[in-house]
Amino acid sequence: MDTYAAQAQLDRQGTWLGFKQLLPLSLFVAAFGLAFGLAAHQTGLSDTSIVLMSAAVFAGTSQFAALDIWGLQVPLVPLMITTFAINARHLLMGATLYPWLRHLPPAKRYGIMLFASDANWALAMQQFHKGERALGILLGGGMAIWSFWMVGTWLGIRFGSAIEDPVSIGLDMVLGCFLLAMALGARKDLRTLLIWIVAGVSSMAAYWWLPENSHVVVGALAGGLLGAIWMEKGK
């Protein structure tokens, strides 16, 4: 059994551990779910539609973007393009996880990816690179985030006026700070530093000069391309 196959083990204990590890962050996710529930309710969507959107889409940024262009006549093509641009990073997430996921049956593989988000992906990749089993973190952590996103959405529909502007109290910075902490906790060598610099510079350039939301994909592709060309020793 190769290293990837040995790490691609999923059990209830690991899933429960992943759930508990992402639980503190999930509390802040609930606050954003609350804001989304309120905003969607004010847009005129039915309670059932709002809940189904959060359950099936499970992507806060693209859901808020959809609300911005929602109306009596929904512009379907712009909506599809916007959603794809914002969520295109999930293609890259899937690519980075493939060495481990390919050892699972298709049902488990795609079932896990339904719960993939920035936070549990980042934590899982950090653990994978340390040689640990992390599919439980990916699935359990994703289930924690999804659960609290759903709870927050329901609270927003019912009691959303309690937090009308989460940005004003800094809740928009929570996930960014979490991902930054994950990055700082990763390997510290010249290769990693240069990959982050290339990704960051490319992302900022795309943010200034390319279409909206493209900076996420451009930064990831630039850093990933350098990483693929500049392989680690022994790989």
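Bear in mind these aren't lab numbers, they're just calculated from the coordinates by the rules spelled out. It should be emphasised that the depicted structure is a prediction, and the values quoted were computed from it without experimental measurement. FYI the Cβ positions are ideal-geometry reconstructions off the backbone, even for glycines, and counts take in every protein chain you see.
The figures follow:
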{"item": "Per-residue ³J(HN,Hα) for region 90-99, Karplus 6.51 cos²θ - 1.76 cosθ + 1.60, θ = phi - 60°, Hz, x for Gly and Pro", "result": "5, 4, 6, 4, x, 5, 5, 8, 4, x"}
{"item": "Burial order of peptide ranges 92-103, 138-149 (average beta-carbon count within 10 Å, highest first)", "result": "138-149, 92-103"}
{"item": "Extension gain from R12 to L67, taking 0.36 nm per residue of separation minus the Cα-Cα distance", "result": "16.1 nm"}
{"item": "Added length on full extension, which subtracts the Cα-Cα distance from 0.36 nm per residue, R102 to A228", "result": "43.4 nm"}
{"item": "Kirkwood hydrodynamic radius over Cα pairs of region 37-82, then Stokes diffusion coefficient at 37 °C and 0.692 mPa s, in µm²/s", "result": "303 µm²/s"}
{"item": "HN-Hα J in Hz across region 30-39 - Karplus 6.51, -1.76, 1.60, θ = phi - 60°, x for Gly and Pro", "result": "4, 5, 6, x, 4, 5, 5, x, 5, 4"}
{"item": "Modelled FRET efficiency - R0 45 Å, V201 with D47, Cβ distances, 0.05 increments", "result": "0.50"}
{"item": "Whole-number D in µm²/s for region 103-147 (Stokes-Einstein; Kirkwood sum over Cα pairs; 4 °C, 1.567 mPa s)", "result": "124 µm²/s"}
{"item": "Mean projected area in nm² (Cα convex hull; one quarter of hull surface) for region 1-139", "result": "9.3 nm²"}
